[in-house]
Every structure is written in structure tokens, then in C-alpha cells.
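A quick write-up on the structure given underneath.
Every read-out reported here was derived from the displayed coordinates using simple, explicitly stated rules and does not represent laboratory data. As the structure is a prediction and not an experimental result, all values here were calculated from the model. Positions of Cβ are backbone-derived with ideal geometry, glycine not excepted, and every protein chain shown enters the neighbour counts.
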Amino acid sequence: MDYIFLILSATIMPFFANLLLMSILLKVGHYYEWYDEIDERKVHTGNIPRIGGIGIFWTSVLSIVLFLFIAKNTQLMDTIFQRQYLSVIIACVLIHLVGLLDDFKNLRPHYKLLAQVGAALIFIGAGNSFQQVFIPILDRSVELGVMGPVVSFLWIIGVTNAINLIDGIDGLSGSLSGVAALYFGLAAVSVGNYPAAIVSMAILGALLGFLFFNFPPAKIFMGDSGSLYIGFSMSILPILVFQSSNPSYALPYGATLLVIPILDTLAAIIRRRRRKQPFHTPDKQHLHHKLLTFGYSNHTILVILTGASTFIGYFAFLWVRVGTPITTYVLTFLWVTVLFFFLVLHYINKKVRLQQQKDRMA
């Protein structure tokens, strides 16, 4: 069986399945009033169901299981991958169920962190971790050795929370994750890792089905059952994609595709440390909140950030495909540019907030 047809099928099936499931979940959510709670980080005011993550999870995971099984029986999947991909399914089920429990019972943050730790250990314990890291500035690879699992653990926890934190306005988390899933899938095909391509594209298909109902104005949210699952998936995809080919590319490629949520989360960590607040304390100082302060609409912010992510992803993929010094320089330049953008935005937002405080006092 042609692997391209298999990968396309793994994308299309969860898309249409999730379109159908979302319409059902939407009605169920309203019937039982399973609405998203409003807090300091949220910008919506209406009653919107928070169970979209159920559709994302089940349509993508069932598609992954089905098409990996087909791939195994068509010689596209080597037996060495069986244990690795089984750990993916188990870890994803754990993280999704805990997220779902949080959506209904509002778990304490440390319980969610324990679930993330457990999922990360299940995945890493099956032999999945960063082995090397390519440093673009030095233009060389560094062996991680025994530090590989440690770096992988910190990466998984960090990215899982980064996707969860950026889920603050309609369509943003799903769009940024969808772009990343697309480029992970393309990279997997490029290096001949078809099982990883199936996983990436199945997640993309499920996200596209969800986004049909989540674009502003959103009719349904993914909730923590979706954001934790998608965040965990985004964290493990670079490890899976480059597991057997160019392993040193995994970390820089993943970090580049997810640069926006990663830098936004790092800024949140620094901000809350300076204020001596717990990391999980919600606020309205995330990237999308700052852009809202400047007067941009939800639609405009979505276009800006998704467009930027797509642009950055294209050059990251070009770097994987071509691997020339000039593409490495471009990748480094993009990182510096995005970091500069975050710093400028921070200082402009600080001035705007000070001016607003003065206006209120006047």
C-alpha cells in the first residue's frame, strides 16, 4: 500500500470524524451545561462548552491505532517501533483522562503536574528521548548521553504547559498546534519515518475538525482534556520524528516550530517569579492578551500568530530538507527576531499599562 495514501487517509478520517463528533459534543455540552469557567486568563464571557478535547483525543488516537496497525501489516512499520508507540498511546490516555477530570472537578495544579510527570516517564521509559542536539550558532551537534532523558523530561513538561497556557483566545492553541503538527508530519515524510507521519497527521486532522467549531467566535473549547493532550503530543512528536534519522535535529526543530508558545511560557515564568507568585497563577499578560490591549481583534491576532508560525515552520522544514549553512543562519536569525519581538512587545505593553493607570487616576 502506498504510504502517501495511508498518511492522507490518517489525516482525512479524523477530520471528518471530529466534525461529526464536535456537533454531538456541542449539543451534549449545552444540555448538561458543561461550560468553561471564566478566570483571569480567559477573555470570553458566554456559556461555551469545554469538552472539545474529547473529540480531538478519541478521533486522533483511534486513527493512530488503526493506521499504525495497517502500516505494521504493510511493512511500513518496523517491529522496533511497537514498544515506543504503545508507550505513546498509554501516556496520551493518562494525560487526557486527568485533563478531563480537571475539566469537571477542577483538580489542584500539582495533581495535573503529577499526571504530566507520569506520562513523560512512561514515554521516556520506553526508550524515547533526545540523543543529540544540533546547536545552530555553533553549527555542530552535541551528544547528550545520560542527560538525554533528563532534557527530554524537562522538554515534555515545559511544552505540555506551554500549549495549555496559550489556550487563551478562540482558535489560537489549536491553530498553532495544527501548524506544528503539519510540519512535524512533513519532516517525518522527509526522513522516511512514516509511523511518525501518521501520528502527526492524525492529530492535524482531528485539530482541523475541532477548529471548524473553535474559530472565533468559538462554539466549543478543547478544555484541559484537549490542551494537555495536544501539548503532550507536540512535545513528543520531534522525538518520534527524528528517532531513527538525524536525531540531533529533534530539539531545535521542535523548539522552532513551537517558539511562540515556548517564549510566551518563559515570559510567564519570569513574570511570576518576579512577583513571587505560583507558576499556575492566571493573569492577562500573555502574548495574545498584550495584542488585545493594543486593540487587535481575536481574528487579527489569530492571523498574525498563525501566519508567523507558518512562516517560521516553513524555514525550519527547509532547514531539515536542505541542511545548508545558509538555512542554519536563517533559522538562527528567526529565533533572534522572535525573541526581539517578545522583548519589544513587553516594553510597549508596559508603557501602555502605565499610561492606562495614569488615565484612571486622573
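State whether segment 314-362 is rounded, prolate or oblate according to the following rule on the C-alpha gyration tensor (a ≥ b ≥ c being the square roots of its eigenvalues): a/c under 1.5 gives rounded; otherwise a/b larger than b/c gives prolate, and the remaining case gives oblate.
Prolate is the answer for segment 314-362, as a/c is 1.5 or above and a/b outweighs b/c.
With 10 angstrom as the radius, rank H110, H288 by how many other C-beta atoms surround their C-beta, starting from the fewest.
In order of increasing Cβ crowding within 10 Å: H110, H288.
Looking at the square roots a ≥ b ≥ c of the eigenvalues of the Cα gyration tensor of segment 119-190, which shape do they give, rounded for a/c under 1.5, prolate if a/b is larger than b/c, or oblate?
Taking the square roots of the gyration eigenvalues as a ≥ b ≥ c, segment 119-190 is prolate.
Count neighbours as other Cβ atoms within 10 Å of each site's Cβ, and list the chymotrypsin sites (Phe, Trp or Tyr not before Pro) in segment 262-362 that are DSSP loop with at most 16 such neighbours.
Sparse-neighbourhood loop chymotrypsin sites (Phe, Trp or Tyr not before Pro): F279, F294, Y296.
Tally Lys and Arg at +1 and Asp and Glu at -1 over the other residues with C-beta under 14 Å from the C-beta of F342: what net charge comes out?
With Lys, Arg at +1 and Asp, Glu at -1, the neighbours total +2.
With loop defined by DSSP as not H, G, I, E or B, and exposure as at most 11 other Cβ atoms within 10 Å, which is the longest segment of the chain clear of exposed trypsin sites (Lys or Arg not before Pro)?
Looking at the chain, 1-274 is the longest stretch - no exposed trypsin sites (Lys or Arg not before Pro) with at most 11 other Cβ atoms within 10 Å.
Mind scanning K27/K112; K112/K276; K72/K219 and naming the pairs with a C-alpha gap bigger than 32 Å?
Flagged as over cut-off: K72/K219.
Taking θ = phi - 60°, what integer Hz values does the Karplus form 6.51 cos²θ - 1.76 cosθ + 1.60 yield along segment 195-204, in sequence order, with x for Gly and Pro?
Along segment 195-204, the couplings run x, 5, 5, 4, 4, 4, 6, 5, 5, 4 Hz.
Given the options Q132, Q243, Q116, state which has the largest fluctuation in a GNM of the chain using a 10 Å cut-off (strictly under) for Cα springs.
Result for the chain, Cα springs under 10 Å: Q132 fluctuates most.
Which whole-number percent is the relative contact order of the chain (Cα, under 8 Å, 6+ apart)? Provide the component values of the computation, followed by the final result.
Details: 532 pairs, mean separation 86.3, N = 362.
Relative contact order comes out at 24 percent.
Shape call for the chain from the C-alpha gyration tensor, a ≥ b ≥ c root eigenvalues: rounded (a/c under 1.5), prolate (a/b greater than b/c) or oblate?
oblate
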